[in-house]
Amino acid sequence: MLGKLYLVASPRPGQPEAEFLDRLEAALEGGVELLQLRAKGLEACVSLRESSEAQAILALGEKLRELCRRYRVPLVINDRPDLAMLLEAYGVHLGQGDLGVAQARRFFTGWIGRSTHEPEQALREQAALEGSGGYLSVGPVWETPTKPGRPATGLEYVRWAAHNLQLPWFAIGGIDEHTLPRVLEAGARRVAVVRAILDAPDLEKAAKRLRRWLDGVD
């Protein structure tokens, strides 16, 4: 159900909503199999004239939900299990500074994704998610402006995850078509990306190139 290619999407400040949606549709056409709405500070986007961040996320999330349904791709909401429930999203993704799994379960019954940055965190979160449906992200493999100040974990953490995790997991952080072969060689079979697709001139072609790499491994 989760697939191999996960796009974490954030609207750029001032980006027209229609442009954002059109670009995501191109990415879905190219083969993105899981889509996350990461909308921190969304109320600052002048094209979305909503009165609060929660309302802005709901308004945009409803449109993404319909887009994802057309492509039969699961929608994940970042940070907010309450809004994920309202949007009937497939999942919610939580960082280490967000609610814990047990707390999030008070709001949301779907899949929970959890960011991890070291083996101890991964084992703890895997135990917390056991039997309840979820996945982990592993990284950032390389430093990325998406997570300023977060040190890179390197490929060694990917190798560890490949040998020690039973839950589905995604390598994340600085992964693009140039670095993807090294991540796959380290044992990853699923990846989450941001700039590799969102900053590409042609999102459909960028997604297709990544899918070719991912579909070429067992």
Problem - Estimated [θ] at 222 nm from DSSP helical runs (n ≥ 4, -39500 (n - 2.57)) normalised by residues in the chain, nearest 500 - result: -11500 deg cm²/dmol
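Ratio of region 111-218's C-alpha Rg to 2.2 N^0.38 Å, to two decimals?
Details: Rg = 13.7 Å, N = 108, 2.2 N^0.38 = 13.0 Å.
So region 111-218 has a normalised radius of gyration of 1.05.
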Practice task
Could you look at region 84-218 and say what percent of its accessible area is carbon and sulfur, using a 1.4 Å probe and all protein chains?
Solution key: 50 percent
Practice task
With only Lys, Arg, Asp and Glu charged, each at its Cβ (+1 for the first two, -1 for the last two), find how big the charge dipole of region 72-183 is about the Cα centre; round to the nearest 20 debye.
Solution key: 140 debye
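Multiplying the sequence separation of Q15 and K208 by 0.36 nm and subtracting their Cα-Cα distance, what value in nm do you get? Don't skip to the answer; put the middle values down first.
Values: separation 193, 0.36 × 193 = 69.48 nm, distance 2.41 nm.
Value of the extension gain: 67.1 nm.
I need the Kirkwood Rh of the chain: take the reciprocal of the average 1/r across all distinct C-alpha pairs and report it in angstrom. If you can, show how the numbers build up before the last one.
Numbers: mean 1/r = 0.0576 Å⁻¹.
Evaluated over the chain, this radius sits at 17.4 Å.
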Fill in the blank from the handout: With every protein chain kept in place and a 1.4 Å probe, region 74-218 has an accessible area per residue in Å² of 48 Å²
Handout entry: Under 24 Å from K40, Cα to Cα: lysines that are on another chain or at least 8 residues apart
Key = K63, K147
Practice task
Give me the aspartates and glutamates in straight-line cross-link reach of K4: C-alpha distance below 17 Å, same-chain residues under 8 apart excluded.
Solution key: E29, E33, D176, E177, E185, E204, D215, D218
Exercise for the section: Rank-order 4-12, 143-151, 18-26 by packing density, defined as the average count of other C-beta atoms within 10 Å over each peptide's residues, highest first. Expected result: 4-12, 18-26, 143-151
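The values are calculated or read from the model by the stated rules, or taken from the named source; none is laboratory data. As the structure is a prediction and not an experimental result, all values here were calculated from the model. All Cβ positions, glycine included, derive from the backbone under ideal geometry; neighbour counts span all protein chains shown. Each accessible area value is taken on the protein alone, full model and side chains, heavy atoms only, with ligands, DNA and RNA left out. Shrake-Rupley method; radii C 1.70, N 1.55, O 1.52, S 1.80 Å.
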